[in-house]
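The values are calculated or read from the model by the stated rules, or taken from the named source; none is laboratory data. Fair warning: this is a prediction, and the values are worked out from it, not measured in the lab. Cβ sites come from the backbone with ideal geometry, for glycine too, and all protein chains shown count toward neighbours. The protein model used for the area step is the full one, side chains on, heavy atoms only, and it has no ligands, DNA or RNA in it. Shrake-Rupley method; radii C 1.70, N 1.55, O 1.52, S 1.80 Å.
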Amino acid sequence: MSNDSLFTVEEWSIREKELHLDALAQTESLFALSNGHIGLRGNFDEGDPHGLPGTYLNSFYELRPLPYAEGGYAYPESGQTVINVTNGKLIRLLVDDAPFDVRYGTLLEHERELDLRNGVLRRSIHWTSPAGRTVKISSVRMVSFTQRAIAAICYEVEPVDAPVRIVVQSELVANEALPPQSKDPRVGAALESALECEEHQAHDASGMLIHHTRVSGLRMGAAMDHHVEGPPGITVTSTSSPDVARVSIIGRLRPGERLRIVKFIAYGWSSLRSRPAIHDQIIAALAAARQTSWEGLLAEQQAYLQDFWATADIELEGDPQIQQAIRFALFHVLQAGARAEGRPIAAKGLTGPGYDGHAFWDTEIFVLPVLTHTLPTAAADALRWRHLILDKAREQAQQLRLYGAAFPWRTIRGAECSGYWPAGTAAFHINADIAYAVTYYLQATGDMTFEEEVGLELLVETARLWCSLGYHHPTTNQFRIDGVTGPDEYSAIADNNVYTNLMAQHNLRWAVEAVQRHPEKAQALGVDSHEAASWHMAAKHMLIPYNAQLEVTPQDESFIDYQVWDFTGTLPHQYPLLLNFPYFDLYRKQVVKQADLILAMHLRSDAFTPEQKARNFAYYESLTVRDSSLSACTQAVMAAEVGQLELAYDYLGEAALVDLHDLHHNVQSGLHMASLAGAWLALVAGFGGMRVQNGALYFSPCLPNALERLAFRLLFQDRHISLEITPTAATYRLLDGLPLRVHHHGETFTLALDEPATYPIAPIQAGPRPSQPVGRAPARRSERL
């Protein structure tokens, strides 16, 4: 079943009014709750049926071997894989000895709702058991943004037509059996029985399990406690074993009576702390949650989200489906990073085991710009995590016989986990991507303390890498970076990938400026005037290839010389190409998996003329197959900039709905955080035309025909700004902060409190709509309204 038929279209909710067991794994990802520390997939309270059970703690992993047919120098020997930790969501129900299971008896009503304003997952059920007893069941689940270690569930049961005996079994379960995983390499490896018990206990209405991983040696604990309300005669018992702690709540209910159980769940983990320390940590977290109460946790959650939406909300008129999708996207981006606090934002967040729970470069390029303008503390925390693993990156550079730091392509705790070096180690652009995120954050916040404490060292060590990886050609003096892989994973080991060279140039320039701002700290890092001068010269002489005959910028020096992929002969079921063709064939053809040169034009807009952007965009549109979820949002941004507004609108739909409609058929293993963030970029950087350059805000707003109004808010340099766009005008407002210079379609003005500024939007005259490879054009958004 297509996911576009699963949910009603509502502004602030994702609501499933009927149960679709064939889409269970997908909806478990979509209904996942997280705060960046704890992640709970949207599994049923009763555990069965399930698509993929999942409870995750950020950066809690196990090691697994990385086998090679043939070994090689500097190949990683083991990989880090996120594991399914102790499941505290489980609440099983028996009605007169009949276990509640949606596959048995008669399911009269079943509804689930992800409430984006209140930060909870609601479920309501009307069920008749095989024995004919009818009950109403409701549950409300949350992962707290304000109490980082806490999740909670309010579970209620009420008989409808006759007295019943109710048994509720609330559990903590470790080492759950997982279903077989796909052979798709994008799906995380499942590790069975990764946890070894150190402590288990149960007393009254509480229980606890403490485990450690068998190989990585990490320790985690989970504890639960309950508040029970019901008629007289309710009894509570508890038991525990190494992998299960169970609290049983038993009683008889008559019609009109209700059993209400609030389950508080606490999680904690550490690579260093002792078992008693973890024990006390989770007990303390539970005590605080109980004191707060269920109602207090709900109030805190609502207040937290009210503050977030006041800063981050986007309003659309003309497309209710995209309105719903963008709020869904922002909610999940928030969940991924809100309380990560020195830990990474993984490609799937904490919604599933896809990509083994690894973080990649797309966090810095797609997710962090969104957080920088909506929740800047979370963006800073993600960059601090990069700083925490800097020593590992230095070790990696030394192993590769390079200077500075070489950050891993994919990782959880800093070690390189990619077993395929052409698309891993060779993708050195990740180092410039991290530097770009640092500079973007600094420009948008003006946080000079962060620059001195964190940003400077990241900029220095990545600049050192480029000067050892590249070289000045002895004849031309051009600075070359040979044998690297850019964002397009259908090209590899290329000379002078333009994206990599432009981003490295940006990295080098900012490193020079940063050491000038912080000379004492730079000296402590060993930077002298000679080294800074070498960065300056490398940036100045950076080779940026250009094909004068075609008047386009090649993706790399040789790309345009390759044969064009046979798109006409490629059948629809053969996409994505990586699952049906050898990389050997892909690497020597003109075929683009995801935006590469086009992404360079977005991030380094200053390096291209408007005419070059239009020609480049048209050329690469005909070659880009979008086998990656990272592509559509960038194509939307650049399509809007070159005036192809309807095409930009089509790509916006693809980016925003990639998970809600399961467009890549893999949402069961987790959501695509970069594409969700990319929906924000498509609207704000695309139709809003927002760019941050030289510490200033630039806008070039425009709308496609279907959108009647677009309004968004963002944070910039201690100001709170709103922009409202209609087809003919844009109105800017400063909601908080000191006056600010802003640029609208090249015109500069000063924005001040209580002084809205409205400027006209001239019609755009665009050329012919560019064509895409056969069968790879985005769905026409206007035809779906």
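The set of residues from segment 605-619 being within 16 Å of residue 502 (Cβ to Cβ) and open to solvent by 10 Å² or more (accessible area, probe 1.4 Å) comprises 605, 606, 607, 608, 609, 612, 613. Here segment 517-533 is the region considered, the condition is being open to solvent by 40 Å² or more (accessible area, probe 1.4 Å) and closer than 24 Å to residue 479 by Cα, and the residue that is nearest to the chain's Cα centre (by Cα) is 526.
Checking each residue of segment 570-580 against the condition of being polar (S, T, N, Q), touching a strand residue (DSSP E or B) at 6+ places or on another chain (Cβ under 9 Å), assigned to a helix (DSSP H, G or I) and modelled with pLDDT of 95 or more gives no match.
May I ask you to verify whether residue 649 is assigned to a helix (DSSP H, G or I), aromatic (Phe, Trp, Tyr) and open to solvent by less than 20 Å² (accessible area, probe 1.4 Å)? Taking the combined requirement at face value, the residue satisfies it. When the residues of segment 97-112 are narrowed to those that are open to solvent by 60 Å² or more (accessible area, probe 1.4 Å) and closer than 17 Å to residue 159 by Cβ, which ends up nearest to the chain's Cα centre (by Cα)? Filtering segment 97-112 for residues that are open to solvent by 60 Å² or more (accessible area, probe 1.4 Å) and closer than 17 Å to residue 159 by Cβ, the one nearest to the chain's Cα centre (by Cα) comes out as 109.
With respect to the stated conditions, residue 504 is within 34 Å of the chain's Cα centre (by Cα), touching a residue at least 12 places away in the same chain (Cβ under 8 Å) and crowded, with 18+ Cβ neighbours inside 10 Å. Report yes if some residue within segment 217-228 is without any contact (Cβ under 8 Å) to a residue 40 or more places away in the chain, surrounded by 17 or more Cβ atoms within 10 Å (Cβ to Cβ) and more than 38 Å from the chain's Cα centre (by Cα); otherwise report no. Scanning segment 217-228, I find no residue that is without any contact (Cβ under 8 Å) to a residue 40 or more places away in the chain, surrounded by 17 or more Cβ atoms within 10 Å (Cβ to Cβ) and more than 38 Å from the chain's Cα centre (by Cα), so the answer is no. Within segment 446-467, is there a residue that is surrounded by 23 or more Cβ atoms within 10 Å (Cβ to Cβ), in contact with an Asp or Glu (Cβ under 7 Å, 6 or more places away or on another chain), on the phi < 0 side of the Ramachandran plot and at pLDDT 95 or above? Looking through segment 446-467, none of the residues is surrounded by 23 or more Cβ atoms within 10 Å (Cβ to Cβ), in contact with an Asp or Glu (Cβ under 7 Å, 6 or more places away or on another chain), on the phi < 0 side of the Ramachandran plot and at pLDDT 95 or above. Is there any pair linking a residue in segment 372-383 that is more than 12 Å from residue 334 (Cα to Cα) and part of a helix (DSSP H, G or I) to one that is of a type outside the set (A, V, I, L, M) and open to solvent by 30 Å² or more (accessible area, probe 1.4 Å), with Cβ under 6 Å and at least six apart or on different chains, and which? Qualifying pairs under 6 Å: 381/341.
Of all residues in segment 111-119, none are at pLDDT below 95 and either under 27 Å from residue 351 (Cβ atoms) or touching a helix residue (DSSP H, G or I) at 6+ places or on another chain (Cβ under 6 Å) (or both). Scanning segment 119-133 for residues being part of a loop (DSSP other than H, G, I, E, B) and open to solvent by less than 20 Å² (accessible area, probe 1.4 Å) gives a total of 2. Name the single residue, out of those in segment 716-775 being polar (S, T, N, Q), in a loop (DSSP other than H, G, I, E, B) and closer than 25 Å to residue 316 by Cα, that is least open to solvent (accessible area, probe 1.4 Å). Within segment 716-775, the match that is least open to solvent (accessible area, probe 1.4 Å) is 726. Within segment 48-68, being free of Cβ contacts under 8 Å to residues at least 60 places away in the same chain, more than 20 Å from residue 332 (Cα to Cα) and open to solvent by less than 20 Å² (accessible area, probe 1.4 Å) holds for one residue alone: 49. Could you check segment 202-216 and list, in sequence order, the residues that are under 30 Å from residue 272 (Cα atoms) and open to solvent by 40 Å² or more (accessible area, probe 1.4 Å)? Answer for segment 202-216, where residues must be under 30 Å from residue 272 (Cα atoms) and open to solvent by 40 Å² or more (accessible area, probe 1.4 Å): 203, 212, 214, 215. Are any of the residues in segment 585-596 at pLDDT 95 or above, in a helix (DSSP H, G or I), surrounded by fewer than 18 Cβ atoms within 10 Å (Cβ to Cβ) and not aromatic (Phe, Trp, Tyr)? Looking for residues that are at pLDDT 95 or above, in a helix (DSSP H, G or I), surrounded by fewer than 18 Cβ atoms within 10 Å (Cβ to Cβ) and not aromatic (Phe, Trp, Tyr), one finds at least one in segment 585-596, hence yes.
The condition (being closer than 24 Å to residue 409 by Cβ and open to solvent by less than 10 Å² (accessible area, probe 1.4 Å)) is satisfied by just one residue among 498, 552: 498.
Output the qualifying pairs, or none if there are none: Cβ atoms under 9 angstrom, residues six or more apart or on different chains, first residue in segment 751-771 and more than 27 Å from residue 638 (Cβ to Cβ), second residue β-branched (Val, Ile, Thr) and assigned to a loop (DSSP other than H, G, I, E, B). Correct list of pairs: empty, since none qualify. Within the set of pairs 6+ apart or on separate chains, which have a first residue in segment 464-484 that is within 18 Å of residue 512 (Cβ to Cβ), a second that is among the basic types (Lys, Arg) and surrounded by 15 or more Cβ atoms within 10 Å (Cβ to Cβ), and C-beta atoms under 8 Å apart? From residues that are within 18 Å of residue 512 (Cβ to Cβ), the pairs are 470/480; 472/480. Any residue at all in segment 178-190 that is at pLDDT below 95, part of a loop (DSSP other than H, G, I, E, B), of a type in the set (Gly, Ala, Ser) and touching a Gly at 6+ places or on another chain (Cβ under 8 Å)? Yes, segment 178-190 contains at least one residue that is at pLDDT below 95, part of a loop (DSSP other than H, G, I, E, B), of a type in the set (Gly, Ala, Ser) and touching a Gly at 6+ places or on another chain (Cβ under 8 Å). Restricting 582, 610 to those that are free of Cβ contacts under 8 Å to residues at least 24 places away in the same chain and more than 24 Å from the chain's Cα centre (by Cα) reduces the list to 582.
Any residue that is modelled with pLDDT under 95, within 30 Å of residue 268 (Cα to Cα) and assigned to a loop (DSSP other than H, G, I, E, B) - is there at least one of those in segment 56-76? Looking through segment 56-76, at least one residue is modelled with pLDDT under 95, within 30 Å of residue 268 (Cα to Cα) and assigned to a loop (DSSP other than H, G, I, E, B). Close Cβ contacts (under 9 Å, 6 or more residues apart or on different chains) running from residues in segment 273-292 that are under 17 Å from residue 143 (Cβ atoms) to residues that are of a type in the set (Asp, Glu) comprise 286/225; 289/225; 290/225; 292/300. Only one of the numbered conditions (1) modelled with pLDDT under 95; (2) open to solvent by less than 20 Å² (accessible area, probe 1.4 Å); (3) of a type outside the set (Ser, Thr, Tyr) is violated by residue 665, and that is (2). Considering 628, 622, 700, the condition of being touching a His at 6+ places or on another chain (Cβ under 6 Å), open to solvent by 10 Å² or more (accessible area, probe 1.4 Å), at pLDDT 95 or above and among the hydroxyl-bearing types (Ser, Thr, Tyr) is satisfied by 700 alone.
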